[in-house]
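Worksheet for the structure shown next.
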Amino acid sequence: SDLGRVKMRYLKTLLLILLLFTLITPGKTADIHGGANLGFYGGMGFDAYVAAFNFAEGLPIGLRLGLGYATFDPGNATDARRIFINNNQGGTVEEKGTVVRFNFDFIYPIHILNLPDASLYFGPRYVDFKGNFKFIGDNEDFDVTSTHWGLGLGMEAAFPMSNKIDFTMIAGADYYFSSTLYGHDTSYSPNGESENPREDYEFSDADQAINQPSFEPRFMLGLRYRFGK
């Protein structure tokens, strides 16, 4: 939704300012990493990030800012049409779903299984979900959208490939809180407040039809570049 995109823009601006502040205070001691990952994150996708370590003397954690994109199963097209549009049938179904994901992580180094560089990560998430449903030959094409806050937790390990480049492996999961689903001129909210609902449908019906983000496992591989010493 437009409101969700505005919220996300302000959130990214705020956290970018926070990250830049940590990078320059004090700048001489900060250890900066940047990288990208590819794999499964609720759907097949990728993300890119920048992270800062040792930006405050004695502080054992790092901070990471990331932005990702993934394809997603949007849900049941026939049910979505019935709940958000009308009871018409017909046409060849084409559907696709996408998620734009914003991550902010706290990273805590750990020692486990003799891994050379392992850590736990946890932090808030914000996603913008869009499911598109087309009924080819029946002139029906509509989106169902939602935005969600969530929390992520996982573990990662890095394996040196050179003085500056590491190979990374990540395993974890995110949990997202339920949010309002918007489609056409209709919306269904978890608090029971709906706008222009079809027939007697409620949020539980829309939530069952649409595969909005909820509990999303994460398994990714990537490369990390160490800008610091």
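The values are calculated or read from the model by the stated rules, or taken from the named source; none is laboratory data. Because the structure is predicted, anything quoted here is derived from the model rather than measured. Positions of Cβ are backbone-derived with ideal geometry, glycine not excepted, and every protein chain shown enters the neighbour counts. These area figures cover heavy atoms from the full protein model, side chains too; ligands, DNA and RNA do not enter into them. Shrake-Rupley method; radii C 1.70, N 1.55, O 1.52, S 1.80 Å.
At-a-glance table
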{"item": "Lysine pair count for the chain [Cα-Cα under 18 Å; pairs on different chains or 8 or more apart]", "result": "5"}
{"item": "Lys, Arg +1 and Asp, Glu -1 on Cβ, resulting dipole of the chain about Cα centre, debye, nearest 20", "result": "1300 debye"}
{"item": "Listed residues L59, L67, L181, most fluctuating in the chain (Gaussian network, C-alpha, under 10 Å)", "result": "L59"}
{"item": "Karplus (6.51, -1.76, 1.60) ³J(HN,Hα), θ = phi - 60°, over the range 43-55, in Hz, Gly and Pro reported as x", "result": "x, 6, x, 8, 8, 10, 7, 9, 9, 10, 10, 6, 8"}
{"item": "Computed [θ] at 222 nm, helices only, for the chain once each DSSP H run of length n ≥ 4 contributes -39500 (n - 2.57)", "result": "-5000 deg cm²/dmol"}
{"item": "Estimated vicinal HN-Hα couplings, Hz - the range 178-184 in sequence order (Karplus 6.51, -1.76, 1.60; Gly, Pro = x)", "result": "4, 8, 5, 9, 10, x, 6"}
{"item": "Dimensions in Å of the range 117-229 - Rg and Dmax from alpha carbons", "result": "19.8, 63"}
{"item": "Principal axis dimensions, largest first and in whole angstrom, of the chain by Cα", "result": "63, 30, 27"}
{"item": "Rounded to 10°, Cα long-axis angle of helix 2-23 versus longest principal axis of the chain", "result": "0 degrees"}
{"item": "Accessible surface of the chain, 1.4 Å probe, proportion on carbon and sulfur as whole %", "result": "60 percent"}
{"item": "Amide H within-cut-off set for N211, under 5 Å, with H built and near neighbours excluded", "result": "G75, N76"}
{"item": "The chain, accessible area per residue, ligands and nucleic acids excluded (1.4 Å, Å²)", "result": "53 Å²"}
